[in-house]
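Let me begin by presenting the structure, written as structure tokens, before commenting on it.
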Protein chains: 2
Amino acid sequence: MAQYPQVLDRTFSALADGHRRTILDRLGEGPVSISELAVPLAMSLPGVLKHVRALEAAQLVVTDKQGRTRWCRLGARPLDDAAAWIDERRTLWGRRLDRFDASLEDASR
Amino acid sequence: MAQYPQVLDRTFSALADGHRRTILDRLGEGPVSISELAVPLAMSLPGVLKHVRALEAAQLVVTDKQGRTRWCRLGARPLDDAAAWIDERRTLWGRRLDRFDASLEDASR
């Protein structure tokens, strides 16, 4: 998985914008067209498409053009890589803090 | 928590760079100075400081100047907000897929 760091760069970068997180939340309810996404975001179609492209680059979203309509849906495994990276650190750092607490307890006996 | 979306923007933005993720991994082992961080990153001190500032803005890292040395350590609750946002979506989307699978099963009976 040589591309893993680049995938993480793209995933975290895609998530670093409130509009893009709102798009993901909407897609969590089911597939929608770019035009339908534009309404609640109060944004132009090219503006929405730019955000969708960033989400697509991170494999968080998949799009599919049918006639003149581009449909968007969540990717097959959205957020799995980001969740794995974060969970691994939280576990490691939690263990380190536990060891630190234990050594403080030993020292105070 | 009115600042929550901005905190998420800063957190995900801070995580969207391999150098910054490497810095977090190093700090997971314990506090280090900016100079010590610079060695494995093969980066200038101002370069490291710039990344550390981005991590600091996201409250992932805390720094403390003692004499001429700036020490860096992990923030008190690093990654908690990012993990909460991601876990909430994965749970919601997982439930939606479960309902979808169940409706497919019903339809095939």
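Write out, first by first residue and then by second, each pair whose Cβ atoms fall under 7 Å of each other, whose residues are 6+ apart or on separate chains, and whose first residue, in segment B:72-86, is of a type outside the set (A, V, I, L, M) while the second is in a loop (DSSP other than H, G, I, E, B) and open to solvent by 10 Å² or more (accessible area, probe 1.4 Å).
From residues that are of a type outside the set (A, V, I, L, M), the pairs are B:C72/B:P31; B:R73/B:P31; B:G75/B:Q59.
For segment B:5-42, give me each residue that is in a loop (DSSP other than H, G, I, E, B) and either crowded, with 16+ Cβ neighbours inside 10 Å or in contact with a helix residue (DSSP H, G or I) (Cβ under 7 Å, 6 or more places away or on another chain) (or both). Give the derivation first.
Within segment B:5-42, the first condition is being in a loop (DSSP other than H, G, I, E, B), and the residues that meet it are B:16-17, B:28-31, B:42.
Residues satisfying the conditions are B:A16, B:D17, B:G28.
Is segment A:72-94 home to any residue that is touching a Cys at 6+ places or on another chain (Cβ under 9 Å), modelled with pLDDT of 95 or more, open to solvent by less than 70 Å² (accessible area, probe 1.4 Å) and in a helix (DSSP H, G or I)?
No - not one qualifying residue is present in segment A:72-94.
Residues in segment A:50-59: is at least one part of a helix (DSSP H, G or I), without any contact (Cβ under 8 Å) to a residue 12 or more places away in the chain and surrounded by 17 or more Cβ atoms within 10 Å (Cβ to Cβ)? Walk me through it before giving the result.
Within segment A:50-59, the first condition is being part of a helix (DSSP H, G or I), and the residues that meet it are A:50-57.
Applying the additional criterion that residues be without any contact (Cβ under 8 Å) to a residue 12 or more places away in the chain yields A:50, A:53, A:56.
This time we only want the ones that are surrounded by 17 or more Cβ atoms within 10 Å (Cβ to Cβ), so: A:56.
Yes; the residues of segment A:50-59 include at least one that is part of a helix (DSSP H, G or I), without any contact (Cβ under 8 Å) to a residue 12 or more places away in the chain and surrounded by 17 or more Cβ atoms within 10 Å (Cβ to Cβ).
The values are calculated or read from the model by the stated rules, or taken from the named source; none is laboratory data. What you see is a predicted model, and the numbers here were worked out from it, not measured in a lab. Virtual Cβ from ideal backbone geometry, glycine too; neighbours counted across all protein chains shown. Accessible surface is based on the protein model in full, side chains and every heavy atom, while ligands, DNA and RNA are left aside. Shrake-Rupley method; radii C 1.70, N 1.55, O 1.52, S 1.80 Å.
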